[in-house]
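Asks: Pasting a structure below so you can have a look.
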Amino acid sequence: MKLTPLNITLACVLVWAISELGNEGEPLFSWVWLVILSVLLVFVDILFRLWIKDVQRLWTMQIGFMVIVGIVTVLIKLQF
């Protein structure tokens with residue numbers, strides 16, 4: 001399996017979620033949402049790999065995708 005930005009992001013999210021297990025208090029999101037996020041990231045990564053064969057362009061497109069998703073997420077949070 002090739003190393004891509006979405007794989008790195010998934011690994012960071014999973015490590016963060018596992019490290020939060022021992023903390024007291026309310027978790028940021030439930031295990032169901034963590035599984036949904038993981039499946040979604042894997043699915044999008046596979047789609048990008050099928051559509052884009054050049055590794056440099058793949059990295060650029062995935063980083064751009066993550067930046068756009070981050071901006072949209074912040075804008076949605078600001079609205080509600």
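The values are calculated or read from the model by the stated rules, or taken from the named source; none is laboratory data. These figures come from a predicted structure and were not determined experimentally. All Cβ positions, glycine included, derive from the backbone under ideal geometry; neighbour counts span all protein chains shown. With ligands, DNA and RNA removed, areas are computed over all heavy atoms of the protein, side chains included. Shrake-Rupley method; radii C 1.70, N 1.55, O 1.52, S 1.80 Å.
Asks: So for the pair Glu26, Gln79, with labels modelled 7 Å out along Cα→Cβ, what separation do we get in nm?
Replies: Between Glu26 and Gln79, the simple spin-label model gives 2.3 nm.
Asks: If I fit a long axis through the Cα atoms of helix 31-51 and take the longest principal axis of the Cα atoms of the chain, what angle between them do I get, 0 to 90°, rounded to 10?
Replies: 10
Asks: Using helices alone, what [θ] at 222 nm do you get for the chain, with -39,500 (n - 2.57) per DSSP H run of 4 or more residues, divided over all residues and rounded to the nearest 500?
Replies: Mean residue ellipticity at 222 nm (helix-derived): -26500 deg cm²/dmol.
Asks: For a protection proxy built on the mean count of beta-carbon atoms within 10 angstrom, sort 70-78, 32-40 highest first, please.
Replies: 32-40, 70-78
Asks: In nanometres, what is the gap between the two model label sites at Met61 and Trp33, each 7 Å from Cα along Cα-to-Cβ?
Replies: For the pair Met61/Trp33, the computed spacing is 2.9 nm.
Asks: May I pose another question? Can you give the charge dipole size of the chain about its Cα centre, rounded to the nearest 20 debye, using +1 on the beta carbon of Lys and Arg and -1 on the beta carbon of Asp and Glu?
Replies: Approximately 440 debye in magnitude.
Asks: Could I ask something else about it? Once the Cα atoms of helix 5-19 and of the chain are each reduced to a long axis, what angle between those two axes, in degrees from 0 to 90 to the nearest 10, is obtained?
Replies: 20
Asks: For region 47-76 and region 1-34, compute the distance between their C-alpha centroids and round to whole Å.
Replies: Between the Cα centres of region 47-76 and region 1-34 lies a distance of 19 Å.
Asks: What's the percent breakdown of Cα-Cα distances in the chain across 10 Å bins, shortest bin first?
Replies: In order of increasing distance, the bins hold 15, 42, 32, 10, 1 percent.
Asks: Let me ask something else. For Ile18, Ile52, Ile63, what's the largest-to-smallest order of accessible area, 1.4 Å probe?
Replies: Listed by decreasing accessible area, they come as Ile18, Ile63, Ile52.
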